[in-house]
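Structure first, commentary second.
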Amino acid sequence: MGRIFLHVILMMVTTGFISGCQKTGITTNAVSQYQVWFDAPASDWNMALPIGNGRLGAMVSGDVNRERLQLNEESVWCKKGSYQDKQGAASLSRIRALLFEGRYKEAEQLASQELMDERLPTVTRAYQTLGDLHIHYQDSGDYTNYRKTLLLDSAMVRIAYSRGGMNFNRDIFSSAVDDVILFRETAGAQGKINCQVYLSRPGEGEEILLAGDRIIMKEHVENGQGVRYEARLQVKTDGGNVEAGNNSLIVSNANILEIRIVARTDYAGDDPAILCDTDETSLRNKSYEKILTDHLKEYKGYFDRVSLDLGGSSMDSIPTDERIKLAGEKADPGLAELYFNFGRYLLISSSRPGNLPANLQGIWNDKLIPPWNADYHININIQMNYWPAEITNLSECHLPFLYFVGDLRDNGRKTARDLYGCRGFTAHHTTDAWHFTTAFGQLIYGLWPMGAAWASTHIWEHYLFTGDRQFLEAYGYDVMREAVLFLSDYLVEHPHTGKLVTGPSNSPENRFATPAGDTASISMGPVMDLQIVWHVFTSFIAASVLLERDHEFRAVLQDQLDRLAPVRIGSDGRIMEWSDESLKEIDPGHRHMSHLYGLYPSNQYIWSDTPEYMEAALKVLSHRLQHGGGHTGWSRAWMINFYARLKDGDQAYHHFQLLIAKSTLPNLFDNHPPFQIDGNFGGTAGIAEMLLQSHAGYVELLPALPEAWETGKVKGLMARGGFQVDMKWKDGTLVSARVLSKLGNPLNIRYGDSSASFEMDKGQVLNLDHQLMEN
């Protein structure tokens, strides 16, 4: 590598800049890149627009005459039945022996019998809708100029239309400051708002009460097998009257209509009625204007840290649903800006400190029986939800997941002990709000004890970006240690090679053909397992060195790393998915690309150190794609990140286009199908990864810039080491960059074939004001 020849300015910055850049008018498409909008009412839930404060959310749907807010509260879960760990540890050595001997059918029969609990029916432990707010209007005349817009930079849905020569406006948002959903409608003349307001919920268990200007809805879900919730609606008007109807409130001749909704559950052990009392008391003397002002200030403190300008396009004036239909037909860089902003908006709106993490649907779900229970799948899905958290400057939004990982320990210790005879803690392919960790169901998805280990790597990533030593010392290190301790005990020596392998375990949700002609899914040393072991061991060892703790345990881990079975490249040049090449893939286009974990999200493979694995990863991707891989939304999003790490910007962009064209719903939600939010977050992370990377020990600018984004600018992306990066580029070439050091770490920076190193103090800014050139 050459070194950068450049003009450098080092300066101290104010704490105001450190806390986050304010968005400025830097683009010609400043409206469209922050607006998801339609020119017609929603015809179904997939055209509804989401709002949320991390805990309390809604999907705004309905039409002019019948407005509907489908409501969610993150802890409305049912809890029928429970999972029980089998006492399988005594059978583990026999299962392993059978697998080592190649007797896969016998091993699977024994593993199913001794290790796997029975899968509960889908509805038994599910995240559920809170219910619906309905607003039915008396006036049913024709209307014009309809527009419904999600304002991403304000976290608000705005509906505007004209009727009878008057303009009507409806604003809806969910405030994290005041823990309330606000609906407000104004009309162009006095006394023109007439409607009926009520709450409902699917099923028959809810209790509805009227109390003056309030409606109260409460229930112990699933007949007492789940949480108790309480939701309260208050109607406030300027002018007009509010009267009680049949489980509803009737608004007549109002000038302004305001509806406030609070909701709580007993998930954390508190009485939801008392919690709602507290919420209502804090709101009692607070005006709409004050609530809105506080909401905007708080939300913008997150959202305005980052801005992206890819040049916009002629498509900016087209409604979002129509724009999605046209994706791929003509260049539309503005759609990538919109998608990126939407992804950050969704993370802010579904994952805030102190809350539960975002589930398979974030916090948005309109069903009592959602797909896959809308739970927490931890064999990629919840991890993908948090891929954009650090790089897009939303580190605080990562915290719900990081603390959730630690909450798995109580159950995970028991699972590790009973099922495997190991110390530490483990978790399998999925869990829920009550943190079960049991292996259940079929081996192909259920026998995969790597969930806690993968999840715990996020703790170290959080430290690398933030330098939050206190978090690591007081909490994160201990969680990582227990995850690593399980794997240290779980590793076993392969009798034929002497190397250490995991097992029995699957390559998530995939299967293979055995030499005997059987179909199986569990083996010893699946490649993803080995890559996760490498990732979590090296991360923990680095943390141990940093904190000067666990010297002896660190030595044990290093010895195990040295003895770990290597990831092999097969005779066809691809990274092998299973450690034995005699095991043949049955589904070559499988949606999981598990054996590329070392490429992304891990940093095990990079061009400078392991070019042979990078080439082999390319062959894996080519083969998968030739056979239909990437066909789900989240799988396609993973492709974007893979190609970004491979530094093939045009291929990464190609898969972003396919994500939009094939796996994106009209409201920009990801389509698995059905809706699943991980693809939104994975796609957002992929866009950022194309522009900035820092996993290889240095900050790399524009590592995978596609030709389609030849000119643009970005502000506020984060790199490991605590560096905040702004960049401008033109005609595919970097023009300038600005790097703020938040931690005072040395900076190693690269662009193309150029590189340089700088000592930086905390709060210093490095301005690269001229084009970077080879010296």
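Here are the numbers:
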| quantity | calculated |
| --- | --- |
| Subset of the range 487-499 (residues that are within 21 Å of GLY88 (Cα to Cα) and of a type outside the set (S, T, N, Q)) | LEU487, ASP489, TYR490, LEU491, VAL492, GLU493, HIS494 |
| Selection from the range 477-518 of residues that are of a type in the set (Val, Ile, Thr) and within 15 Å of LEU99 (Cβ to Cβ) | VAL492, THR497, VAL501, THR502, THR514 |
| The range 727-757, subset open to solvent by 30 Å² or more (accessible area, probe 1.4 Å), touching a residue at least 60 places away in the same chain (Cβ under 8 Å) and touching a strand residue (DSSP E or B) at 6+ places or on another chain (Cβ under 7 Å), residue farthest from LEU717 (Cα to Cα) | ASP753 |
| Candidate set from the range 172-188 (those that are open to solvent by 10 Å² or more (accessible area, probe 1.4 Å) and within 23 Å of the chain's Cα centre (by Cα)); member that is nearest to TYR34 (Cα to Cα) | ALA176 |
| Close pairs from the range 151-171: first open to solvent by 20 Å² or more (accessible area, probe 1.4 Å), partner small (Gly, Ala, Ser) and not in a strand (DSSP E or B), Cβ under 7 Å, at least 6 apart | GLY164/GLY141; MET166/GLY188; MET166/ALA189; ASN167/GLY188 |
| Check on GLU707, buried (at least 22 other Cβ atoms within 10 Å of the Cβ), within 24 Å of GLU337 (Cα to Cα) and among the acidic types (Asp, Glu) | no |
| Filter result for the condition that a residue is open to solvent by less than 30 Å² (accessible area, probe 1.4 Å) and out of contact with any Cys (no Cβ under 7 Å at 6 or more places or on another chain), over PHE465, PHE486 | PHE465 |
| Single condition GLY716 does not satisfy, out of (1) open to solvent by 10 Å² or more (accessible area, probe 1.4 Å); (2) within 30 Å of ARG469 (Cβ to Cβ); (3) in contact with a Lys or Arg (Cβ under 6 Å, 6 or more places away or on another chain) | (1) |
| Unique residue being surrounded by fewer than 24 Cβ atoms within 10 Å (Cβ to Cβ), modelled with pLDDT of 95 or more and in contact with a Lys or Arg (Cβ under 8 Å, 6 or more places away or on another chain) when the list is ASP410, ASP432 | ASP432 |
| Residue tally, condition in contact with an Asp or Glu (Cβ under 9 Å, 6 or more places away or on another chain) and among the β-branched types (Val, Ile, Thr), over the range 522-540 | 2 |
| Candidates ARG232, ARG264, ARG228, ARG260, filtered to the one that is open to solvent by 50 Å² or more (accessible area, probe 1.4 Å) and basic (Lys, Arg) | ARG228 |
| Residue that is at pLDDT below 95, under 16 Å from THR684 (Cα atoms) and of a type outside the set (Val, Ile, Thr), where the choices are GLY334, GLY328, GLY343, GLY362 | GLY334 |
| Number of the condition not met by ALA555 [criteria: (1) in a helix (DSSP H, G or I); (2) within 30 Å of ILE660 (Cβ to Cβ); (3) among the small types (Gly, Ala, Ser)] | (2) |
| Extreme residue, surrounded by the fewest Cβ atoms within 10 Å (Cβ to Cβ), among residues of the range 682-698 that are touching a helix residue (DSSP H, G or I) at 6+ places or on another chain (Cβ under 7 Å) and closer than 17 Å to TYR597 by Cα | GLU689 |
| Filter result for the condition that a residue is over 17 Å from PRO703 (Cα atoms), at pLDDT 95 or above and of a type in the set (Phe, Trp, Tyr), over TRP607, TRP634 | TRP634 |
| Candidate set from the range 759-774 (those that are surrounded by fewer than 16 Cβ atoms within 10 Å (Cβ to Cβ) and not in a loop (DSSP other than H, G, I, E, B)); member that is modelled with the lowest pLDDT | MET773 |
| Those residues of the range 647-668 which are open to solvent by less than 10 Å² (accessible area, probe 1.4 Å), in a helix (DSSP H, G or I) and of a type outside the set (A, V, I, L, M), in sequence order | GLY649, HIS655, PHE656, SER663 |
| Candidates ALA616, ALA637 - the one that is surrounded by 19 or more Cβ atoms within 10 Å (Cβ to Cβ), touching a residue at least 40 places away in the same chain (Cβ under 8 Å) and touching a strand residue (DSSP E or B) at 6+ places or on another chain (Cβ under 6 Å) | ALA616 |
| Any chance ALA756 is of a type in the set (A, V, I, L, M), more than 25 Å from THR320 (Cβ to Cβ) and part of a loop (DSSP other than H, G, I, E, B) | no |
| Set ALA708, ALA704: member being within 24 Å of GLY334 (Cβ to Cβ), in contact with a Pro (Cβ under 8 Å, 6 or more places away or on another chain) and in contact (Cβ under 8 Å) with a residue 60 or more places away in the chain | ALA708 |
| Condition broken by CYS21, with the remaining ones in (1) modelled with pLDDT of 95 or more; (2) within 21 Å of LEU347 (Cα to Cα) satisfied | (1) |
| Filter result for the condition that a residue is over 22 Å from ASP132 (Cβ atoms) and in contact (Cβ under 8 Å) with a residue 12 or more places away in the chain, over TYR267, TYR288 | TYR288 |
| Residues (among the hydrophobic types (A, V, I, L, M, F, W, C) and crowded, with 16+ Cβ neighbours inside 10 Å) located in the range 189-209 | ILE193, CYS195, VAL197, LEU199, ILE208 |
| Failed item, numbered, when GLY628 is tested on (1) in a loop (DSSP other than H, G, I, E, B); (2) free of Cβ contacts under 8 Å to residues at least 12 places away in the same chain | (2) |
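The values are calculated or read from the model by the stated rules, or taken from the named source; none is laboratory data. Fair warning: this is a prediction, and the values are worked out from it, not measured in the lab. Ideal geometry is used to build each Cβ from the backbone, glycine not excepted, and the neighbour counts take in all protein chains shown. SASA here: full protein model, heavy atoms, side chains in, ligands and nucleic acids out. Shrake-Rupley method; radii C 1.70, N 1.55, O 1.52, S 1.80 Å.
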